[in-house]
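**Q** Before we start, here is the structure in question, set down as structure tokens.
The values are calculated or read from the model by the stated rules, or taken from the named source; none is laboratory data. Treat the numbers as computed from the prediction; the structure is a model and nothing was measured. Here Cβ is always computed from backbone atoms with ideal geometry, including for glycine, and neighbour counts include all displayed protein chains.
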Amino acid sequence: MLFTLPDDNTLYDALLARDPSYEGRAFVGVRSTGIFCRLTCPARKPLRENCEFFDSTTACAAAGYRPCKRCHPIGTSAAADPVIARLLDALDTDPDRKWAETDIAAMGLDTSTVRRLFRRHFGMTFIQMARQRRLRIATGTIARGGKVIEAQLDAGYDSPTAFRKSFAAMLGVAPSDMQTESNLKVDFIDTPLGPMIAIADDNALRMLEFPDRKALATNLKRLAKTASLSFGRTAIADQTETELCEYFAGTRAQFTVPLAADYGTSFQRSVWTALRDIPAGHTVSYGALADTINNPTAVRAVAAANGANQIALIIPCHRVIGADGTLTGYAGGLWRKQRLIEIETQYQ
């Protein structure tokens, strides 16, 4: 049911014909140039022996290929997949719906292949994505002063226990612990890589993370011990959202939003400062980053500081890769790290 790559000879014929039926579903890596393209790329066609075919841009990048600057293959595969488009449209049409795998099967889709497809493109299943959408609805109810039971019902949860567990798993605190008013505001910011949780006061951004980061709940719980949290926006969060939109649109390579400077050790802060000095579109190794802070033997400590960063994208820990050029761990998921590196090629 879901698309499976045909043999390489068929794909090469499609490449020569610039067949649009493979748009977003198949990509070609050209060994002689190190570039990967859409099959409809207008560039001169490579020899058959120089071609390697892939089913995703992530697979191309993992094999060491760079995106073509003529056909711009980044971002096409998910949008072009009819199964993804159908399910995302269904989710947008009825965001309150409590989705189950039986609903996916009722649409004539194979549940196991849908799980794999969404994990490959988004790092989460469709069911998890729908659950996050419902929890966001719940945060809006609480932000408006609604009761926890109202938030639970708005999110489509029948069980109060299940709702509290899901809420706490995402935010690290129980819904009843969220204050109706405080200086530290929590809100969501939508990005092409999924929603991000932004926490800011009137002076600085204190946290910017993807909700599916494993350490998010722990970090939020730690932050909640120092100050009460409430849902809402500050001017800092508004500035963060504006700059993120500009970044993904290709019009902003550097962020100017003020960041909180009162967390982390002095060593960690030196690493985070060095990270912000890496230009968009460039990557460095952990060893090179250690050299930058004049501490060449602290490679492991640098890696640990990189992982402790809780202001994603703006402090660009995604720009650090392995010494051999391979991707290494990223709290937001390796698929996001690869997408960010690909996105930033426009700033080179």
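**Q** Scan region 215-239 for residues that are touching an Asp or Glu at 6+ places or on another chain (Cβ under 9 Å) and not aliphatic (A, V, I, L, M) and report the count.
**A** 7
**Q** For Tyr330, are the conditions met, namely being among the hydroxyl-bearing types (Ser, Thr, Tyr) and touching a His at 6+ places or on another chain (Cβ under 9 Å)?
**A** Spelling it out, Tyr330 is indeed among the hydroxyl-bearing types (Ser, Thr, Tyr) and touching a His at 6+ places or on another chain (Cβ under 9 Å).
**Q** For the condition under 18 Å from the mean Cα position of the chain (by Cα) and assigned by TED's automatic domain parsing to the domain that holds Ala249, what is the one hit in Val320, Val284?
**A** Just a single option satisfies the conditions, and that option is Val320.
**Q** Quick one: would you say Thr191 is surrounded by fewer than 20 Cβ atoms within 10 Å (Cβ to Cβ), β-branched (Val, Ile, Thr) and part of a loop (DSSP other than H, G, I, E, B)?
**A** Yes.
**Q** Going by the structure shown, is Val302 more than 17 Å from the chain's Cα centre (by Cα), without any contact (Cβ under 8 Å) to a residue 60 or more places away in the chain and farther than 22 Å from Ile197 by Cβ?
**A** So Val302 fits the description; yes.
**Q** Can you name the residue in region 209-228 that is polar (S, T, N, Q) and surrounded by 14 or more Cβ atoms within 10 Å (Cβ to Cβ) and, of all such residues, is nearest to Ile189 (Cα to Cα)?
**A** Step one: of region 209-228, the residues polar (S, T, N, Q) are 218-219, 226, 228.
The next check asks that each one be surrounded by 14 or more Cβ atoms within 10 Å (Cβ to Cβ); those that pass are 219, 228.
Numbers: Asn219: 18, Ser228: 20 Å.
By that ranking, first place goes to Asn219.
**Q** From the set of residues in region 29-48 that are charged (D, E, K, R) and surrounded by fewer than 19 Cβ atoms within 10 Å (Cβ to Cβ), which is nearest to the chain's Cα centre (by Cα)?
**A** Arg31
**Q** Let me ask something else. Could you tell me which residue of region 274-294 is nearest to Tyr330 (Cα to Cα), considering only residues that are free of Cβ contacts under 8 Å to residues at least 12 places away in the same chain and not small (Gly, Ala, Ser)?
**A** Asp291
**Q** Inside region 247-346, counting only helices (runs of 4 or more DSSP H) that do not spill past its ends, which hold 3 or more residues that are more than 23 Å from Cys60 (Cβ to Cβ)?
**A** Per the criteria, 266-276, 286-292, 299-308.
**Q** Do the conditions hold for Ser266, that is, is it in the same structural domain as Gly333 (by TED's automatic domain parsing), surrounded by fewer than 19 Cβ atoms within 10 Å (Cβ to Cβ) and touching a strand residue (DSSP E or B) at 6+ places or on another chain (Cβ under 9 Å)? I'd like the intermediate steps shown before the answer.
**A** Numbers: in the same structural domain as Gly333 (by TED's automatic domain parsing): yes; surrounded by fewer than 19 Cβ atoms within 10 Å (Cβ to Cβ): yes; touching a strand residue (DSSP E or B) at 6+ places or on another chain (Cβ under 9 Å): no.
No: the conditions fail for Ser266.
**Q** Let me confirm something: among Thr256, Thr251, Thr240, which residue is closer than 27 Å to Met124 by Cβ and of a type in the set (Ser, Thr, Tyr)?
**A** Answer to the check: Thr240.
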